[in-house]
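The structure under discussion appears below in the form of structure tokens.
The values are calculated or read from the model by the stated rules, or taken from the named source; none is laboratory data. As the structure is a computational prediction, the values presented were derived from the model and not from experiment. Note that each Cβ is placed from the backbone with ideal geometry, even for glycine, and that neighbours are counted across all protein chains shown.
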Amino acid sequence: MSDGHVFLTRRIVFSASHRLYNPELSDEMNWKIFEKCSYENGHGHNYVLYVTLKGVPDIKTGMIMNVSILKKMIEEHVLNDFDHRHLNHDVEEFKTLLSSVENISIVIWNRLKPLLKDLLFEVKVVETENIFAVYRG
């Protein structure tokens with residue numbers, strides 16, 4: 001068996017709404033920067049989250065990590081707060097941080113890193129079929 005690292009990715013879909021709006025800027029400037037994403041009541045996406053681990057498979061199990069355990073971690077520490085929520089109102093981090101796809105990927109990383117430690121390699125959040133962000137800590 002090779003002693004090389006393997007990348008293991010878990011994909012999860014969640015739905016959430018958000019608003020891109022900086023209260024330090026005028027409504028006109030927010031519109032200029034964020035356009036329709038700055039509508040007062042926000043808008044929604046069906047996000048696709050990819051959490052990638054990097055490690056050497058265990059000799060007995062052949063796994064880096066049991067994917068059922070990884071799924072439960074993501075559900076408990078991300079989805080319970082993000083899925084079917086308005087990110088700006090319901091997720092503590094986004095009460096003071098713009099809920100851009102870039103920041104969403106960073107927040108998810110920060111929530112999972114203490115649990116997964118050196119196994120966590122990458123968080124990828126797909127907002128639309130044409131827009132996604134990748135964060136590697």
Legend entry - Residues that are under 12 Å from the mean Cα position of the chain (by Cα) and not aliphatic (A, V, I, L, M), drawn from region 68-91: Glu75, His77, Asp81, Phe82, Asp83
Legend entry - In region 118-133, the residues that are within 22 Å of Tyr21 (Cα to Cα) and touching a residue at least 12 places away in the same chain (Cβ under 8 Å): Val125, Val126, Glu127, Thr128, Ile131, Phe132, Ala133
Legend entry - Selection from region 44-68 of residues that are buried (at least 17 other Cβ atoms within 10 Å of the Cβ) and of a type in the set (A, V, I, L, M, F, W, C): Leu49, Val51, Leu53, Ile64, Met65
Inset, instruction - Could you please find all residues in region 56-90 being aliphatic (A, V, I, L, M), under 20 Å from Glu127 (Cβ atoms) and out of contact with any His (no Cβ under 9 Å at 6 or more places or on another chain)? - result: Ile74, Val78, Leu79
Inset, instruction - Answer with yes or no whether Leu115 is out of contact with any strand residue (DSSP E or B) (no Cβ under 8 Å at 6 or more places or on another chain), farther than 19 Å from Asn41 by Cβ, touching a residue at least 40 places away in the same chain (Cβ under 8 Å) and surrounded by 13 or more Cβ atoms within 10 Å (Cβ to Cβ). - result: yes
Legend entry - Filtered residues of region 38-54 (kept if out of contact with any Ser or Thr (no Cβ under 9 Å at 6 or more places or on another chain) and within 16 Å of Val125 (Cβ to Cβ)): Val48
Inset, instruction - Could you please let me know if Val101 is touching an Asp or Glu at 6+ places or on another chain (Cβ under 6 Å), among the aliphatic types (A, V, I, L, M) and buried (at least 16 other Cβ atoms within 10 Å of the Cβ)? - result: yes
Legend entry - Residue list for region 1-21, filter: surrounded by fewer than 17 Cβ atoms within 10 Å (Cβ to Cβ) and not in a strand (DSSP E or B): Met1, Ser2, Asp3, Gly4, His5
Legend entry - Matching helices (runs of 4 or more DSSP H) fully within region 22-137 where at least 1 residues are under 23 Å from Arg11 (Cα atoms) and of a type in the set (Phe, Trp, Tyr): 101-116
Inset, instruction - Of the conditions (1) in contact with a helix residue (DSSP H, G or I) (Cβ under 6 Å, 6 or more places away or on another chain); (2) at pLDDT below 95, Ile59 clears all except one; give me its number. - result: (1)
Inset, instruction - Starting from residues that are of a type in the set (Lys, Arg) and either under 27 Å from Val51 (Cα atoms) or modelled with pLDDT under 95 (or both), keep the ones in region 1-35 and report whichever is farthest from the chain's Cα centre (by Cα). - result: Arg19
